[in-house]
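The values are calculated or read from the model by the stated rules, or taken from the named source; none is laboratory data. Bear in mind that the values here come from a model prediction, so they are computed numbers and not experimental data. Positions of Cβ are backbone-derived with ideal geometry, glycine not excepted, and every protein chain shown enters the neighbour counts. Surface areas here come from the heavy atoms of the whole protein model, side chains and all, with no ligands, DNA or RNA. Shrake-Rupley method; radii C 1.70, N 1.55, O 1.52, S 1.80 Å.
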Amino acid sequence: MKAPRLTDTTLRDGSHPMRHQFTREQVASIVQALDRAGVPVIEVSHGDGLAGSSLQYGFSHTSEFDLIETARSHAERAKIAALMLPGIGTRQELKEAVARGIQVVRIATQCTEADVSEQHFGLAKELGLETVGFLMMAHMRPPEALAEQAKLMESYGADCVYIVDSAGAMLPRDAAARVRALKEAISVQVGFHAHNNLGLGIGNTLAALEAGADQIDGCLRGLGAGAGNAATELLAAVLDRLGLNPGLDVFGLMDAAEYIVAPIMPFQPFPDRDAITIGYAGVYSTFLLHAKRAGAQYGVDPREILVELGRRQAVAGQEDWIIDVALDLSRRHSAGERKESRA
């Protein structure tokens, strides 16, 4: 294993549990702490990427462009990154983000849809950005299929391609196999982004490193969607113990998590019943509230709905399936009860 490059995503993935309510002051204090502690890349944007502030995804308290500008002005060494999802962010938002100070863009697609990112990588390169590809929900496809998608992103100009465990559904062997497949298939760097829904955020990240990952992600205090991400301060401590510290101040990151991030968190993400179900089912955390509502309406355990959605390999944009699944399960339960009553 080698010392990886760490990207801290507190100010992007952490935007989800914060309901996109980060302020300039919070961004300034978090960026300063991360920068002093030697974190080389800090991601800042709406949780759903550039232009994510909307009725569908949740309105931001402060414009993400203002937050990016604040981050850039308080980072002495770290690069500022932003996430972009084709279909949400457009060339207009990317150009504005560059004007406000981003140096890295992370372009995210479903793990089967890398082909929609070609224009976005092209524009990013024209704008002089470092480019990172994000293959989301990567647990849903086998390693060889992901390798083909990574090749597409590499051909479009990606400097690194990430395996992204969006649902926190992977086991260490899954993370290792997928990273290894990309390392064998592409010549650019490979990254790994973990979620902690099954309590394996750190373990999966270490498995990815053993398989050759060059870049990894974390969030201070684990602040991220679902059960959160691999905690940056924990990653720093573990890497240091392994002799793989890339220059991170372990105590500085511990203090940032404890005294800067913890006091502003609405709750501590952890693998509770809901988060475990998301990881177990392998679905997006955004499905949870819809499943709970449908479950209450049709008298079905929301966990059953989520597991069935995972079996059908539902992805973002297919929320309309939730009602269909709830109805199907309700009918099955009713049919089963009728059979029992006749017996």
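A Cβ distance below 8 Å, combined with a sequence gap of six or more or placement on separate chains, defines the contacts here; from region 285-305, residues that are free of Cβ contacts under 8 Å to residues at least 24 places away in the same chain reach residues that are polar (S, T, N, Q) in the pairs Leu288/Thr277. Within region 121-156, the set of residues being of a type in the set (Phe, Trp, Tyr) and under 30 Å from Arg311 (Cβ atoms) comprises Phe134 only. Taking only region 185-206 into account, find how many residues are farther than 25 Å from Leu306 by Cβ and open to solvent by 10 Å² or more (accessible area, probe 1.4 Å). Result for region 185-206: 6. Out of (1) of a type in the set (Asp, Glu); (2) open to solvent by less than 40 Å² (accessible area, probe 1.4 Å); (3) touching a helix residue (DSSP H, G or I) at 6+ places or on another chain (Cβ under 7 Å); (4) without any contact (Cβ under 8 Å) to a residue 60 or more places away in the chain, what's the single condition that is false for Glu76? Against the list (1) of a type in the set (Asp, Glu); (2) open to solvent by less than 40 Å² (accessible area, probe 1.4 Å); (3) touching a helix residue (DSSP H, G or I) at 6+ places or on another chain (Cβ under 7 Å); (4) without any contact (Cβ under 8 Å) to a residue 60 or more places away in the chain, Glu76 comes up short only on (2).
Results for (1) surrounded by fewer than 19 Cβ atoms within 10 Å (Cβ to Cβ); (2) under 28 Å from Ser334 (Cα atoms), shown as yes or no for each residue.
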| residue | (1), (2) |
| --- | --- |
| Ala262 | yes, no |
| Met265 | yes, no |
| Phe270 | yes, no |
| Gly282 | no, yes |
| Leu289 | yes, yes |
| Arg293 | yes, yes |
| Ile305 | no, yes |
| Leu309 | no, yes |
| Arg312 | yes, yes |
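Being over 30 Å from Arg180 (Cα atoms), in the same structural domain as Asp249 (by TED's automatic domain parsing), at pLDDT 95 or above and aliphatic (A, V, I, L, M) holds for only one residue in Ala75, Ala82, Ala108, Ala51, and it is Ala75.
Can you give me the number of residues within region 231-244 that are over 11 Å from Val261 (Cβ atoms) and open to solvent by 20 Å² or more (accessible area, probe 1.4 Å)? First the steps, then the outcome.
Residues of region 231-244 that are over 11 Å from Val261 (Cβ atoms), as a first pass: 234-244.
From what's left, open to solvent by 20 Å² or more (accessible area, probe 1.4 Å): 234, 237-238, 240-243.
Here the count works out to 7.
Go through region 98-124 and give me each residue that's open to solvent by 50 Å² or more (accessible area, probe 1.4 Å) and over 18 Å from Glu43 (Cα atoms). Scanning region 98-124 gives Thr112, Glu113, Asp115, Val116, Glu118, Gln119. For first residues located in region 16-42 and without any contact (Cβ under 8 Å) to a residue 24 or more places away in the chain, partners that are β-branched (Val, Ile, Thr) and lie 6+ apart or on another chain with Cβ distances below 9 Å form the pairs Glu25/Thr70.
Do the conditions hold for Ser15, that is, is it out of contact with any helix residue (DSSP H, G or I) (no Cβ under 9 Å at 6 or more places or on another chain) and more than 24 Å from Gln149 (Cβ to Cβ)? Against the criterion (out of contact with any helix residue (DSSP H, G or I) (no Cβ under 9 Å at 6 or more places or on another chain) and more than 24 Å from Gln149 (Cβ to Cβ)), Ser15 does not qualify. The residues of region 88-108 that are among the charged types (D, E, K, R) and touching a helix residue (DSSP H, G or I) at 6+ places or on another chain (Cβ under 7 Å), listed by number, are Arg91, Glu96, Arg100. Being of a type outside the set (S, T, N, Q), open to solvent by less than 40 Å² (accessible area, probe 1.4 Å), over 16 Å from the mean Cα position of the chain (by Cα) and at positive phi is true for just one of Gly87, Gly58. Which residue is that? Criteria check complete, one pass: Gly58. Being of a type in the set (A, V, I, L, M, F, W, C), out of contact with any strand residue (DSSP E or B) (no Cβ under 7 Å at 6 or more places or on another chain) and either at pLDDT 95 or above or under 19 Å from Gly218 (Cβ atoms) (or both) is not true of Phe59.
Among strands (runs of 3 or more DSSP E) lying entirely in region 125-230, which contain 3 or more residues that are within 30 Å of Ala257 (Cβ to Cβ) and in contact with a helix residue (DSSP H, G or I) (Cβ under 7 Å, 6 or more places away or on another chain)? Give the derivation first.
Details: elements: 130-136, 160-164, 189-193, 215-218.
Fully inside region 125-230 and qualifying: 130-136, 160-164.
Scanning region 17-41 for residues that are open to solvent by less than 40 Å² (accessible area, probe 1.4 Å) and either over 21 Å from Pro266 (Cα atoms) or part of a loop (DSSP other than H, G, I, E, B) (or both) turns up Pro17, Met18, His20, Phe22, Thr23, Asp35, Ala37, Gly38, Val39, Val41. The condition (being aliphatic (A, V, I, L, M) and either in contact (Cβ under 8 Å) with a residue 40 or more places away in the chain or open to solvent by 40 Å² or more (accessible area, probe 1.4 Å) (or both)) is satisfied by just one residue among Leu135, Leu129, Leu182, Leu94: Leu94.
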